[in-house]
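The values are calculated or read from the model by the stated rules, or taken from the named source; none is laboratory data. Predicted, not measured: the structure shown is a model, and the values here were computed from it. Cβ sites come from the backbone with ideal geometry, for glycine too, and all protein chains shown count toward neighbours. Please note that ligands, DNA and RNA were not included when accessible areas were found on the heavy atoms of the full protein model with its side chains. Shrake-Rupley method; radii C 1.70, N 1.55, O 1.52, S 1.80 Å.
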Amino acid sequence: VSGCSVKGTGGAIYSSMSTLVLKGSTVSECYGVAGGAIHLSGDAVAEVYESSFDKNTSPDGGCFGNDGKGSMLYVNECLFTGNKATNYGGVFRGATHGKTGAFFNNCRFRDNILTQNNTGSCLYMKTGYLCVNNCSFYDNANLNNYGRELNWSNPSNSDGKTYDTGGIVTNCTFYNDG
């Protein structure tokens, strides 16, 4: 999938209350308001394997936007290069409405950028769990100099509730990120 642009969420794919499996695919140069490539909503589940995401853009989540209460994202052996967001998460921005989860395993992140506001040049989780295992981060940038690669926060949401936020990072390597 290449060159998609929408005025709404999910530049290439929007999934709500469903299961999405993506394997051996390339998504490049797509744009969506939340999730340049893919947006999850409701109780959606996405499993993404052995795929690449290149030069996708969005104000929130250059590749993935995950807003659903209970939605889950599983990403394994993927490559993320040159993706860009202006507000949160050059690659992923998770949850502004309720608890969600995102799991990245054996992935590579290179030359992703957060250009203006806020945090997370690669991955940002507002409410939910973000787990990152055996991933490599190369030459990613946050032009605001805070929140760098990974960022978690736990403020109250628009529904007035405060949700648990957390995660784990294991066996990851960071190179020349700034």
- When ligands, DNA and RNA are left out and all protein chains stay put, how many square angstrom of accessible area per residue does segment 1-139 have with a 1.4 Å probe? 36 Å²
- Ordered by packing density, taken as the mean number of other Cβ atoms within 10 Å over each peptide's residues, highest first, how do 63-71, 102-110 rank? 63-71, 102-110
- Query: Under 23 Å from the Cα of K55, which lysines turn up, not counting those fewer than eight places away in the same chain?
  - Reply: K7, K23, K84
- Query: Ignoring ligands, DNA and RNA, what percent of the 1.4 Å accessible area of segment 1-132 is carbon and sulfur?
  - Reply: 50 percent
- Tally Lys/Arg at +1 and Asp/Glu at -1 over every other residue whose Cβ is under 12 Å from the Cβ of T86; what's the total? +1
- Task: Sort largest first and round to whole Å: the equivalent ellipsoid semi-axes of segment 23-88, each the square root of five times a Cα gyration tensor eigenvalue.
- Result: 17, 16, 8
- Query: Which order do K7, K23 take by accessible area at a 1.4 Å probe, largest first?
  - Reply: K7, K23
- Query: If each of I168 and V6 carries a label point 7 Å out from its Cα toward its Cβ, how far apart are those two points in nm?
  - Reply: 3.4 nm
- Item | Extension gain from S16 to N176, taking 0.36 nm per residue of separation minus the Cα-Cα distance | 53.9 nm
